[in-house]
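**Student:** Pasting a structure here, questions to come.
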Amino acid sequence: MQIETIETTPIEGQMPGTSGLRKKTRVFMEPRFLENFIQATFDAIGGGDGKTLIVGGDGRYFNKDAIQTILRMSAGNGVAQVIVGQNGILSTPAASHLIRLNGADGGFILSASHNPGGIDEDFGVKFNAANGGPAPEGLTAKMFEATQSISAYKTVTAPDVDLGTVGDVTLGEMAIRVVDPVESYQALMAELFDFDAIRALFAGGFTMCFDAMHAVTGPYAKAILEGTLGAAKGTVVNGVPLEDFGKGHPDPNPIWAKELMDLMMSDKAPDLGAASDGDGDRNMIVGRGAYVTPSDSLAILAANAHLAPAYRDGLAGIARSMPTSPASDRVAAKLGIGSFETPTGWKFFGNLLDAGKVTICGEESAGTGSDHVREKDGLWAVLLWLNILAARKRSVADIVAQHWQDYGRDYYSRYDYEAVPTDAANTLMAHLRGQFDDLLGQSFGNMTVAAADEFSYHDPVDGSVSQNQGVRIRFEGGGRAVFRLSGTGTQGATLRLYLEQYSGMDGARDLDTQVALADVRAAAQAICDMEAKIGRTTPDVIT
Ligand code: G16
């Protein structure tokens, strides 16, 4: 088969964000847009010659076409073998696992994660490295550089490869192995958790609703929860992956998984509610009448992980992203293990996990995971919760209440201001940065500023420094506000305002979250001069 070299020129807007390159689907469908980015990735990793790659995606619109393009370009770039999920499907954590399991050189994951899918919605491409984790900053910088100097891409002319049947095929010289997307991931979960105990829990009448949001985890959750662990048929809802996620927004939070939230707050609530996102790396956990914030979920999972076989010997350390509440730091302190604060983005956990400094990581954006892969893992979090519930034989609400009693409560909420004009968002951030010194000791309503700075991360493993990772304002009495611009949006800027207030050991633990955060919210909005800078203070989404 003849390798073709096709001339091209650089296209603007190919800078990978927090999690790969994410754009409107129609942008990805423009001539050469996908091809340029894929070739730039090959150039950045030193070419494809003789390499083994994993390829799969969350099944959203354009997934199938993009995979065929990537297969042809892989053959064009001399790749030896591609392992691809049947019908092009792989959840992000399953892809990470396959990279590690097969000692692959990396993988392409096609997803815009929790962003909606469809021809008028979002698409994305992530490249994960040989450790199974998202490309680190050094590599994404090389990829971007390559997009700016690209002059040609390599491909082959060939009909579409049939990905509907598990088995081996070839494309020219390149071997393609089509694998069941669930099988090896399920085997890994069975090693980590006490499946017998979870089976006994379900057999004893435990009830659950898992909302797959018409996204990639449907087949995984059905096979594992209903097929293997004995959860009742119908436990998994919205379990058929659809190209447009049923026109939903596959983000597992109380706003976008409202149906599940309403069920869990009603008198028909099962014992556990859970949801996962477009590509299966995020999770939401809700007990009967009790929503668990991602920051609390991380802390509770860390405090109880020893109840699952894989973590029986304890944790090496815990890492969380900076905007995540410090609830997990308190657990680490009590366990006498290290705790780490990283910038937003799972890629920053990679070095800590590879170096064995941490076992469990988590983020406020509904991601939790461990050293079993190098991605956050939605179903993993759900299974660890199930394992803990099976061992402790108490309700989710009880476990959360007990945790707050032992450690105090971190009231937490995130406000998202979407599609803000980019200039206005940058002006607001600049305004914050310009007043760090002046803020110290100043009072805003009931809140007095104790510290103000911008987070800069010094990676303890490779010494790299990542600057401008979000503005943090700490208040006397345990309040904190964090401001940062999202790296995953596709329209204008999304301003995120993260609010938290620690109850202390003796403070009230049963206040309404928004009431508990009223003072810190008012102070944060005043400090950034929100109304004047972006013309509004009411967010689009509160989680
Ligand atoms: C991605 C990263 C996460 C990160 C999130 C933040 O999530 O993988 O590690 O927390 O982005 O998003 P933003 O920059 O918008 O706040 P995902 O699930 O979209 O891949």
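**Student:** If you go through segment 300-352 one residue at a time, how many are within 22 Å of the chain's Cα centre (by Cα) and among the acidic types (D, E)?
**Tutor:** Within segment 300-352, residues that are within 22 Å of the chain's Cα centre (by Cα) and among the acidic types (D, E) number 2.
**Student:** Right, something else. Return the total of residues in segment 124-155 being touching a strand residue (DSSP E or B) at 6+ places or on another chain (Cβ under 6 Å) and away from the ligand (no atom under 16 Å from the Cβ).
**Tutor:** 5
**Student:** Given (1) touching a residue at least 60 places away in the same chain (Cβ under 8 Å); (2) buried (at least 23 other Cβ atoms within 10 Å of the Cβ); (3) more than 16 Å from the ligand (Cβ to nearest atom), where does R22 come up short, assuming only one miss?
**Tutor:** Going through (1) touching a residue at least 60 places away in the same chain (Cβ under 8 Å); (2) buried (at least 23 other Cβ atoms within 10 Å of the Cβ); (3) more than 16 Å from the ligand (Cβ to nearest atom) one by one, R22 breaks only (3).
**Student:** So if I check each of D529, D506, D462, D510, which one is on the phi > 0 side of the Ramachandran plot and of a type outside the set (G, A, S)? Even if it seems obvious, please write down each step before you answer.
**Tutor:** On the way: D506 fails: on the phi > 0 side of the Ramachandran plot; D462 fails: on the phi > 0 side of the Ramachandran plot; D510 fails: on the phi > 0 side of the Ramachandran plot.
The match here is D529.
**Student:** Against the conditions (1) part of a strand (DSSP E or B); (2) at pLDDT below 95; (3) not small (G, A, S), where does T488 fall short? Just the number, please.
**Tutor:** Among (1) part of a strand (DSSP E or B); (2) at pLDDT below 95; (3) not small (G, A, S), the lone unmet condition for T488 is (1).
**Student:** Looking at segment 475-488, which of the residues that are crowded, with 21+ Cβ neighbours inside 10 Å and within 24 Å of the chain's Cα centre (by Cα) is nearest to the ligand (Cβ to nearest atom)?
**Tutor:** At the first step, the residues of segment 475-488 found to be crowded, with 21+ Cβ neighbours inside 10 Å are 475, 479-484.
Those left that are additionally within 24 Å of the chain's Cα centre (by Cα): 480-484.
Numbers: R480: 17, A481: 15, V482: 11, F483: 12, R484: 7 Å.
Top of the filtered list is R484.
**Student:** Just to be sure I understand, how many residues within segment 52-70 are over 22 Å from the mean Cα position of the chain (by Cα) and open to solvent by 40 Å² or more (accessible area, probe 1.4 Å)?
**Tutor:** Matching residues across segment 52-70 total 2.
**Student:** Take R472 and tell me if it is within 16 Å of the ligand (Cβ to nearest atom), assigned to a strand (DSSP E or B) and of a type in the set (K, R).
**Tutor:** On the way: within 16 Å of the ligand (Cβ to nearest atom): yes; assigned to a strand (DSSP E or B): yes; of a type in the set (K, R): yes.
The answer is yes for R472.
**Student:** Report whether or not E35 is assigned to a loop (DSSP other than H, G, I, E, B) and away from the ligand (no atom under 16 Å from the Cβ). Write out each step before concluding.
**Tutor:** Details: assigned to a loop (DSSP other than H, G, I, E, B): no; away from the ligand (no atom under 16 Å from the Cβ): yes.
Taking the combined requirement at face value, the residue does not satisfy it.
**Student:** Looking only at segment 85-93, decide whether some residue is of a type outside the set (S, T, Y), touching a Ser or Thr at 6+ places or on another chain (Cβ under 7 Å) and open to solvent by less than 30 Å² (accessible area, probe 1.4 Å). Write out each step before concluding.
**Tutor:** The first filter runs over segment 85-93 and keeps only residues of a type outside the set (S, T, Y), leaving 85-90, 93.
Adding the requirement that they be touching a Ser or Thr at 6+ places or on another chain (Cβ under 7 Å) leaves none.
Checking segment 85-93: not a single residue is of a type outside the set (S, T, Y), touching a Ser or Thr at 6+ places or on another chain (Cβ under 7 Å) and open to solvent by less than 30 Å² (accessible area, probe 1.4 Å).
**Student:** Here is a further query. Mind checking which pairs have a first residue in segment 279-297 that is within 19 Å of Q514 (Cβ to Cβ) and in contact (Cβ under 8 Å) with a residue 40 or more places away in the chain and a second that is within 16 Å of the ligand (Cβ to nearest atom) and of a type in the set (F, W, Y), Cβ under 6 Å, 6 or more apart or different chains?
**Tutor:** T293/Y412; S295/Y412
**Student:** Does V125 satisfy the condition of being under 23 Å from the mean Cα position of the chain (by Cα), within 19 Å of N36 (Cβ to Cβ) and modelled with pLDDT of 95 or more?
**Tutor:** On the way: under 23 Å from the mean Cα position of the chain (by Cα): yes; within 19 Å of N36 (Cβ to Cβ): yes; modelled with pLDDT of 95 or more: yes.
The answer is yes for V125.
**Student:** Condition first: within 16 Å of the ligand (Cβ to nearest atom) and assigned to a loop (DSSP other than H, G, I, E, B). Can you find one or more residues in segment 60-70 that meet it? So that I can check it myself, show each step before the final result.
**Tutor:** Here is the first cut: in segment 60-70, the residues within 16 Å of the ligand (Cβ to nearest atom) are 60, 63.
From the residues that got through so far, the ones that are assigned to a loop (DSSP other than H, G, I, E, B) too are 60.
Yes, some residue in segment 60-70 is within 16 Å of the ligand (Cβ to nearest atom) and assigned to a loop (DSSP other than H, G, I, E, B).
**Student:** I've got another one for you. So for segment 456-464 (the condition being in a strand (DSSP E or B) and within 16 Å of the ligand (Cβ to nearest atom)), does at least one residue qualify?
**Tutor:** Initial filter on segment 456-464 (in a strand (DSSP E or B)): 457-458.
Checking the rest, the ones that are also within 16 Å of the ligand (Cβ to nearest atom) come to 457.
The answer is yes; a qualifying residue exists.
**Student:** I'm trying to understand the selection: among the residues of segment 97-120, which are away from the ligand (no atom under 16 Å from the Cβ), outside any strand (DSSP E or B) and at positive phi?
**Tutor:** G103, G118
**Student:** Among what's in segment 247-284 and is of a type in the set (G, A, S) and under 12 Å from V382 (Cβ atoms), pick the residue that is farthest from the ligand (Cβ to nearest atom).
**Tutor:** The first filter runs over segment 247-284 and keeps only residues of a type in the set (G, A, S), leaving 248, 257, 266, 269, 273-276, 278, 280.
If we keep only those that are under 12 Å from V382 (Cβ atoms) as well, we get 273-276, 280.
Numbers: G273: 20, A274: 16, A275: 13, S276: 10, G280: 10 Å.
In this case the residue turns out to be G273.
**Student:** I need the full set of residues from segment 385-417 which are assigned to a helix (DSSP H, G or I) and small (G, A, S), in order please.
**Tutor:** Taking segment 385-417 as the starting set, the residues that turn out to be assigned to a helix (DSSP H, G or I) are 385-392, 396-407.
Result: A390, A391, A397, A401.
The values are calculated or read from the model by the stated rules, or taken from the named source; none is laboratory data. All figures in this text were calculated on a predicted structure; none of them were measured in a lab. Neighbour counts run over all protein chains shown; Cβ positions are idealised from the backbone, glycine included. The protein model used for the area step is the full one, side chains on, heavy atoms only, and it has no ligands, DNA or RNA in it. Shrake-Rupley method; radii C 1.70, N 1.55, O 1.52, S 1.80 Å.
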